Ligand code: NAI
């Protein structure tokens with residue numbers, strides 16, 4: 001399948017976990033992918049993998065919560081590949097704490113990386129999308145947007161992504177731009193392993209417990225999310241916009 005032949009994608013936080021799976025998926029279907037992460041060195045191994053498999057990719061270092069970095073990343077992708085068609089706002093962090101222990105820094109950093117970056121990157125990308133009357137924006141929300149103990153900052157940032165998505169869909173739809181989000185449940189990555197350790201559980205034990213609470217009786221893998229992101233980035237979903245799709249094996253929490 002070559003749904004993305006001739007298309008150029010930018011994936012933030014693409015060095016590992018869900019972002020890396022999205023990079024592999026888009027590249028395997030023909031997209032040239034700019035892999036943006038905190039440093040180009042972190043992004044390079046995924047880029048090497050893609051290139052080894054015959055694809056096209058570029059490693060870019062940027063803190064996407066910073067305006068100048070985001071602008072430079074989009075500009076570098078356009079310089080290298082000539083255009084951009086798809087933006088995946090995937091970079092995200094957690095700084096979990098109960099409210100009474102949550103610091104200003106815990107709050108500000110999570111809002112900046114998870115929400116501000118999606119705003120800045122989308123604003124930067126839309127210049128190209130609107131001019132060419134074509135674009136796809138897919139952002140990572142989370143099941144936690146509906147509330148999760150110890151995650152006031154993260155939950156607010158991911159609910160913010162849902163609102164941003166709904167609004168950008170209204171503003172950009174007339175210009176041929178689709179804007180959607182994916183809200184994963186428990187996905188097995190470094191992020192959820194760190195969460196397990198923080199609450200004193202072995203990551204395998206945490207996955208087992210999460211599987212038991214999930215109707216399909218397993219936790220998600222990064223590829224489960226990449227498949228839905230690819231659907232939303234492809235032309236077959238061009239009548240879907242402003243949506244946040246829950247991808248959680250039927251789990252209600
Ligand atoms: P991860 O922690 O494994 O990977 C996140 C990547 O983002 C890392 O490569 C990191 O270096 C990069 N990153 C962090 N801050 C950045 C910044 N300021 N600029 C550029 N890159 C930055 O996380 P994971 O699990 O792959 O999550 C990816 C996305 O999916 C995040 O937005 C996360 O909130 C979301 N998500 C994950 C879930 C899970 O169960 N793993 C569930 C729901 C949502």
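Every number here is computed from the coordinates shown, using simple stated rules; none is lab data. This one's a predicted model, so the numbers in the text were calculated from it and none came from an experiment. Cβ: placed from backbone, ideal geometry, glycine included. Neighbour counts: every protein chain shown.
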Selection from the stretch 197-235 of residues farther than 24 Å from residue 31 by Cβ, within 11 Å of the ligand (Cβ to nearest atom) and in a helix (DSSP H, G or I) yields 206, 207, 210
Kindly indicate which of 190, 183 is surrounded by fewer than 14 Cβ atoms within 10 Å (Cβ to Cβ), touching a residue at least 40 places away in the same chain (Cβ under 8 Å) and closer than 25 Å to residue 109 by Cα.
190
Tell me whether the stretch 99-106 contains one or more residues that are within 21 Å of residue 194 (Cβ to Cβ), within 16 Å of the ligand (Cβ to nearest atom) and more than 14 Å from the chain's Cα centre (by Cα).
yes
Which condition does residue 91 not pass, out of (1) in a helix (DSSP H, G or I); (2) within 15 Å of the ligand (Cβ to nearest atom); (3) surrounded by 17 or more Cβ atoms within 10 Å (Cβ to Cβ), if it passes all the others?
(1)
In the stretch 25-49, anything within 16 Å of the chain's Cα centre (by Cα), away from the ligand (no atom under 11 Å from the Cβ) and free of Cβ contacts under 8 Å to residues at least 40 places away in the same chain is listed as 27, 33
The one condition in (1) surrounded by fewer than 21 Cβ atoms within 10 Å (Cβ to Cβ); (2) part of a helix (DSSP H, G or I); (3) over 17 Å from the mean Cα position of the chain (by Cα) that residue 112 fails to fulfil:
(3)
Would you confirm whether any residue within the stretch 16-24 is surrounded by 24 or more Cβ atoms within 10 Å (Cβ to Cβ) and more than 10 Å from the ligand (Cβ to nearest atom)?
yes
Scope the stretch 50-84; condition closer than 14 Å to residue 23 by Cα, assigned to a loop (DSSP other than H, G, I, E, B) and either free of Cβ contacts under 8 Å to residues at least 12 places away in the same chain or within 17 Å of the chain's Cα centre (by Cα) (or both); matching residues
54
Counted residues, the stretch 138-172 - those being free of Cβ contacts under 8 Å to residues at least 24 places away in the same chain and buried (at least 18 other Cβ atoms within 10 Å of the Cβ)
3
Scan the stretch 124-137 and give yes if some residue there is within 12 Å of the ligand (Cβ to nearest atom), in contact (Cβ under 8 Å) with a residue 24 or more places away in the chain, under 25 Å from residue 173 (Cα atoms) and crowded, with 16+ Cβ neighbours inside 10 Å, otherwise no.
no
